[in-house]
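Novice: Supplied in structure tokens, the structure appears directly below.
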Amino acid sequence: MSYIEIGFGELALASVLVVLNGLLSVVLRLRLEQQLAIATLRMIVQLILVGLVLKALFALVSPLWTGAAAVAMVLFAGREISARQDRRLTGIWSYGLGTGCMLIAATLITIFALTTQLNPEPWYHPRYALPILGMVLGNTMTGVSLGLHSLTTVAARERNAIEAQLALGETRTEAFRPVTQLALKSALMPIINSMAATGLVSLPGMMTGQILAGADPVSAVKYQILIMFLIAGGTGLGALAAVMGAAYRLTDGRHRLRLDRLTMAPE
Amino acid sequence: MLQVDGLTVIGLTPVSFEVEKGECVTVAGPSGSGKTLLLRAIADLDPAAGTVTLDGTERNGMTAPCWRSLVTYVPAVSGWWRATVSQHFADWENVGPMIEALRLPPECGAWPVSRLSTGEQQRLALTRSMCRSPRVLLLDEPTSALDAPDTETVERTIEEFCSSGGGVIWVSHDAEQRQRVSGRTLIIVGGTLREQSA
């Protein structure tokens with residue numbers, strides 16, 4: 001089976017569906033038409049730009065430019081993590097912790113996949129490196145974001161419980177254990193649900209894309225399984241580092257709870 | 001026994017006093033004057049300047065968990081982190097006599113924490129702290145939710161603790177109670193230790 005190319009006419013035809021959503025918003029007075037229009041335009045512009053950037057990067061096959069694109073992706077993802085927190089760590093920790101943990105986790109997992117399972121030539125080839133990084137990063141971002149949100153929310157809510165343990169002579173690791181356990185469960189639940197439902201409830205985007213592009217379904221499935229393993233690894237590693245880092249920051253060397261190092265996000 | 005020298009924390013001007021072995025010192029003052037801040041600073045739960053020593057040993061000379069197991073703060077609102085009462089005690093079987101002395105039902109170990117009244121929580125939190133054998137107890141209104149008979153049992157328990165050589169700093173709004181349990185009261189007004197009355 002060959003790849004079916006689609007043109008701008010076909011895209012314009014499909015865009016009618018979004019226009020219908022806009023009409024629905026007007027008729028039902030949902031006042032979503034402006035947001036819908038902006039989101040649609042952003043999606044079109046962002047994807048076209050990404051397409052052009054990827055085309056240029058694939059032509060260059062430069063480790064420097066591939067690395068620069070990867071760093072830019074991590075920095076944007078870090079901003080998303082910070083923006084999703086109701087309570088943020090003060091100072092550079094707000095942006096730095098999530099971004100740093102994601103950078104380490106996603107980079108390690110992507111390099112692991114490129115050098116041991118996929119083995120492209122050269123190993124940093126952007127056609128493989130950037131899509132793999134993008135998928136790992138997107139899911140790691142969700143895990144890190146949920147983990148940090150859960151940790152900071154529960155630490156503020158369970159202040160009495162944490163301090164009761166500290167007052168009895170427990171270490172900060174012991175006093176924070178129920179909080180970190182809950183935060184890590186929150187972080188890992190989406191990937192566990194995703195793995196459990198894949199194939200039955202949903203067909204993953206990458207696998208569907210490969211099948212649409214003419215790949216053998218069994219080969220596409222193998223790729224998808226590999227990606228799920230990588231995502232699980234990246235999410236676990238990133239969330240563990242972020243949750244432990246935040247728990248460390250919310251306490252000090254004298255095993256005190258330091259909620260003064262948290263600030264409410266602006267409305 | 002417990003020596004506090006120039007203890008300073010945000011909201012509290014430098015405080016100095018001493019608690020002798022077997023002594024119960026009460027602390028009084030208007031709400032928001034800094035009584036809880038004082039207890040928390042002594043327990044090293046908030047960053048503070050100044051020195052606090054126990055039997056000549058400065059608290060910075062030992063780990064914070066070690067300090068707090070010797071100088072234990074019992075807050076006005078107790079915290080709970082497990083589902084049932086007994087899970088908050090290292091050895092529930094051995095706390096029976098203290099549970100009985102504080103007029104708590106022996107079967108309460110199996111209860112979920114959510115079943116406890118505020119007064120039961122206060123007495124169990126006191127038991128939880130005492131069974132770890134501290135040298136000094138920092139009590140923040142430990143009888144605020146108790147009726148007269150239960151208040152009396154707590155006062156008797158603390159008296160026995162002092163008789164065995166323990167030191168106590170007890171925040172109380174009740175003037176009669178302060179007279180019953182202590183010969184010395186520290187008055188804090190607006191974050192300042194203004195007088196020490198006999």
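The values are calculated or read from the model by the stated rules, or taken from the named source; none is laboratory data. Owing to the predicted nature of the structure, the values given are computational and were not obtained by experimental measurement. Cβ placement follows ideal geometry from the backbone for every residue including glycine, while neighbour counts extend to all protein chains displayed.
Novice: Against the definition (without any contact (Cβ under 8 Å) to a residue 40 or more places away in the chain and of a type outside the set (D, E)), how does A:L89 come out, yes or no?
Specialist: On the way: without any contact (Cβ under 8 Å) to a residue 40 or more places away in the chain: no; of a type outside the set (D, E): yes.
Against the criterion (without any contact (Cβ under 8 Å) to a residue 40 or more places away in the chain and of a type outside the set (D, E)), A:L89 does not qualify.
Novice: Separate question: Name the residue that is farthest from the other protein chains (Cβ to nearest Cβ), counting only residues in the stretch B:47-79 that are part of a loop (DSSP other than H, G, I, E, B) and buried (at least 19 other Cβ atoms within 10 Å of the Cβ).
Specialist: Taking the stretch B:47-79 as the starting set, the residues that turn out to be part of a loop (DSSP other than H, G, I, E, B) are B:47-48, B:55-56, B:62-63, B:75-79.
Then drop every residue that is not buried (at least 19 other Cβ atoms within 10 Å of the Cβ), which leaves B:48, B:75, B:78-79.
Numbers: B:A48: 10, B:P75: 7, B:S78: 6, B:G79: 3 Å.
Ranking the candidates gives B:A48 first.
Novice: Residue check, B:R115 against (1) basic (K, R); (2) surrounded by 13 or more Cβ atoms within 10 Å (Cβ to Cβ); (3) under 30 Å from A:V154 (Cβ atoms), all met but one. Which one?
Specialist: Checking B:R115 against (1) basic (K, R); (2) surrounded by 13 or more Cβ atoms within 10 Å (Cβ to Cβ); (3) under 30 Å from A:V154 (Cβ atoms), the one that fails is (2).
Novice: May I ask you to say which residue of A:L137, A:L166 is of a type in the set (A, V, I, L, M, F, W, C), away from chain B (no Cβ under 13 Å) and either at positive phi or part of a helix (DSSP H, G or I) (or both)? Give the derivation first.
Specialist: Numbers: A:L166 fails: away from chain B (no Cβ under 13 Å).
Of A:L137, A:L166, the one residue that is of a type in the set (A, V, I, L, M, F, W, C), away from chain B (no Cβ under 13 Å) and either at positive phi or part of a helix (DSSP H, G or I) (or both) is A:L137.
Novice: Same structure again: Answer yes if at least one residue in the stretch A:177-193 is touching a residue at least 24 places away in the same chain (Cβ under 8 Å), within 14 Å of another protein chain (Cβ to nearest Cβ) and crowded, with 19+ Cβ neighbours inside 10 Å, and no otherwise.
Specialist: Yes, the stretch A:177-193 contains a residue that is touching a residue at least 24 places away in the same chain (Cβ under 8 Å), within 14 Å of another protein chain (Cβ to nearest Cβ) and crowded, with 19+ Cβ neighbours inside 10 Å.
Novice: Of the conditions (1) without any contact (Cβ under 8 Å) to a residue 40 or more places away in the chain; (2) under 26 Å from B:Q179 (Cβ atoms); (3) away from every other protein chain (no Cβ under 13 Å), B:L102 satisfies every one except a single condition; which number is it?
Specialist: Of everything listed in (1) without any contact (Cβ under 8 Å) to a residue 40 or more places away in the chain; (2) under 26 Å from B:Q179 (Cβ atoms); (3) away from every other protein chain (no Cβ under 13 Å), B:L102 misses just condition (1).
Novice: Determine the pairs where a residue that is polar (S, T, N, Q), located within the stretch A:102-114, has a partner that is in a helix (DSSP H, G or I) with Cβ atoms under 6 Å apart, the partner being 6 or more residues away or on another chain.
Specialist: As it stands, the answer is A:T110/A:I132; A:T110/A:L133; A:T110/A:V136, since those pairs meet every condition given.
Novice: Return the total of residues in the stretch A:8-60 being under 25 Å from the mean Cα position of the chain (by Cα) and within 24 Å of A:G134 (Cα to Cα).
Specialist: Residues in the stretch A:8-60 being under 25 Å from the mean Cα position of the chain (by Cα) and within 24 Å of A:G134 (Cα to Cα): 21 in total.
Novice: Quick check on B:D55: is it under 24 Å from B:G183 (Cβ atoms), more than 13 Å from the chain's Cα centre (by Cα) and charged (D, E, K, R)?
Specialist: Numbers: under 24 Å from B:G183 (Cβ atoms): yes; more than 13 Å from the chain's Cα centre (by Cα): yes; charged (D, E, K, R): yes.
Yes, satisfied.
Novice: Then there's this: Please verify whether the stretch A:134-153 includes one or more residues that are modelled with pLDDT of 90 or more and under 24 Å from B:P65 (Cβ atoms).
Specialist: Yes, the stretch A:134-153 contains a residue that is modelled with pLDDT of 90 or more and under 24 Å from B:P65 (Cβ atoms).
Novice: Yes or no: the stretch A:208-224 includes at least one residue that is within 14 Å of chain B (Cβ to nearest Cβ) and of a type in the set (A, V, I, L, M). Spell out the reasoning first.
Specialist: Going residue by residue through the stretch A:208-224, those that are within 14 Å of chain B (Cβ to nearest Cβ) are none.
The answer is no, given that none of the residues of the stretch A:208-224 is within 14 Å of chain B (Cβ to nearest Cβ) and of a type in the set (A, V, I, L, M).
Novice: How many residues are over 14 Å from the mean Cα position of the chain (by Cα) and buried (at least 17 other Cβ atoms within 10 Å of the Cβ) when one looks only at the stretch B:140-152?
Specialist: Of the stretch B:140-152, the ones over 14 Å from the mean Cα position of the chain (by Cα) are B:145-152.
If we keep only those that are buried (at least 17 other Cβ atoms within 10 Å of the Cβ) too, we end up with B:145-146, B:150-151.
Number satisfying all stated conditions: 4.
Novice: Working only within the stretch A:238-267, note down all residues that are surrounded by 14 or more Cβ atoms within 10 Å (Cβ to Cβ) and within 12 Å of another protein chain (Cβ to nearest Cβ).
Specialist: A:T251, A:D252, A:R254, A:H255, A:R256, A:L257, A:R258, A:L259, A:R261
Novice: Confirm whether B:L138 is outside any loop (DSSP other than H, G, I, E, B), more than 10 Å from chain A (Cβ to nearest Cβ), at pLDDT 90 or above and in contact with a helix residue (DSSP H, G or I) (Cβ under 9 Å, 6 or more places away or on another chain).
Specialist: On the way: outside any loop (DSSP other than H, G, I, E, B): yes; more than 10 Å from chain A (Cβ to nearest Cβ): no; at pLDDT 90 or above: yes; in contact with a helix residue (DSSP H, G or I) (Cβ under 9 Å, 6 or more places away or on another chain): yes.
So B:L138 fails the test.
Novice: Of the conditions (1) of a type outside the set (S, T, N, Q); (2) over 20 Å from the mean Cα position of the chain (by Cα); (3) over 30 Å from B:T8 (Cα atoms), B:H88 fails just one. Which one is it?
Specialist: Here B:H88 clears every test but (2).
Novice: Cβ-Cβ distance below 7 Å, separation of 6 or more or different chains: which pairs start in the stretch B:2-16 with a residue that is not hydrophobic (A, V, I, L, M, F, W, C) and end on one that is not in a strand (DSSP E or B)?
Specialist: Correct list of pairs: B:T8/B:A48; B:G11/B:G34; B:G11/B:L37; B:G11/B:G191; B:T13/B:G191.
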